[in-house]
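Report on one structure; see the data block that follows.
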Amino acid sequence: GLNSPFSNDSSFLFSFGTKGDSAGQFNEPSGITADRHGGIYVTDRINNRIEVFDTSGEYIEYFGEGIGLQHPCGILVDSFGYIFVVDEVNGKVWELDPFGDPICQFGEKGEGFGKLLFPQDVTISGDGERIYVTDRVRKKVVIYDVYDKTGGGGMSAGDVETPIYNCLKSCYPVPFSKGINIAYSIAQKGFVSLKVYDVTGRFVKKLVYGVQDRGWYTIQWDSNKQNRKSIASGVYFIRLEIDNFISTRKV
């Protein structure tokens, strides 16, 4: 059989946290995960927030208050640092950027296709292409495609609906040295502008400029082929405009 990394001789190390609603305190800690740098993320169902600690249990920050998150429970941090948090009351999953700012939401309260009644936990597949959410009342696992979060569960591609929200989903890898992949969605057919700017606000590159149909898109910007020459390393901003919708991400 396989050898377990644990044994009856495993030693208790330490605990952290106290009851309360001040920074670094818990009222009802629920979900927990860690990022690849060792940061520990804990959801608090009563304080309606996510608190972050270092590997020694020292408090770093909290976020999530004021965005409408209610009874957060399951949580995960993907390999790029993006945070997925289950919202039990509203029946959805929030996607936050590595700084804790909302990017988009998916799922909807209910019992129909792709809906969640009382979601509890969330995880992601090893290839990063599927998100799995448990629903304790419906007794189901609901599966979402990372690029089309309408909820399937083993359904064929022809059965998957396109998203219903505008969203500049992700830019990866960050930081980047050569190319960067940019994923975004369009709620309905319209005029789309996707451009790159440098840290001073100077226009650098036009990636998309025209009418596109409703759906999810991924485009790659190869910075080494910018006007046949490489661009300088540093901070850049990706700006997506769809009619009156505007979203910007730093890369």
Within segment 124-173, how many residues are in a loop (DSSP other than H, G, I, E, B), at pLDDT below 85 and out of contact with any Pro (no Cβ under 8 Å at 6 or more places or on another chain)? 19
Inside segment 14-60, can you point out the residues that are assigned by TED's automatic domain parsing to the domain that holds Asp101 and on the phi > 0 side of the Ramachandran plot? Gly38, Asn48, Gly57
Restricting the search to segment 40-68, which residues are outside any strand (DSSP E or B), within 22 Å of Cys104 (Cβ to Cβ) and free of Cβ contacts under 8 Å to residues at least 24 places away in the same chain? Glu65, Gly66, Gly68
Check segment 80-96 and report whether any residue there is within 20 Å of Ile32 (Cβ to Cβ), over 16 Å from the mean Cα position of the chain (by Cα) and surrounded by fewer than 19 Cβ atoms within 10 Å (Cβ to Cβ). yes
Where residues in segment 205-216 are assigned to a strand (DSSP E or B) and at pLDDT below 85, which of them is farthest from Gly190 (Cα to Cα)? Trp216
If you check every pair at least six apart or on different chains, which have Cβ atoms under 8 Å apart with a residue in segment 222-251 that is in the same structural domain as Gly190 (by TED's automatic domain parsing) and modelled with pLDDT under 70 first and a residue that is surrounded by 15 or more Cβ atoms within 10 Å (Cβ to Cβ) and basic (Lys, Arg) second? Gln226/Lys205
Selection count where residues are surrounded by 21 or more Cβ atoms within 10 Å (Cβ to Cβ) and at pLDDT 95 or above, scope segment 54-75: 4
Picking from Ile67, Ile46, Ile40, Ile83, the residue that is closer than 23 Å to Val141 by Cβ and β-branched (Val, Ile, Thr) would be Ile83
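The values are calculated or read from the model by the stated rules, or taken from the named source; none is laboratory data. What you are looking at is a predicted structure, and each value in this text was computed from that prediction instead of being measured. We place every Cβ from the backbone using ideal geometry, glycine too, and count neighbours over all the protein chains shown.
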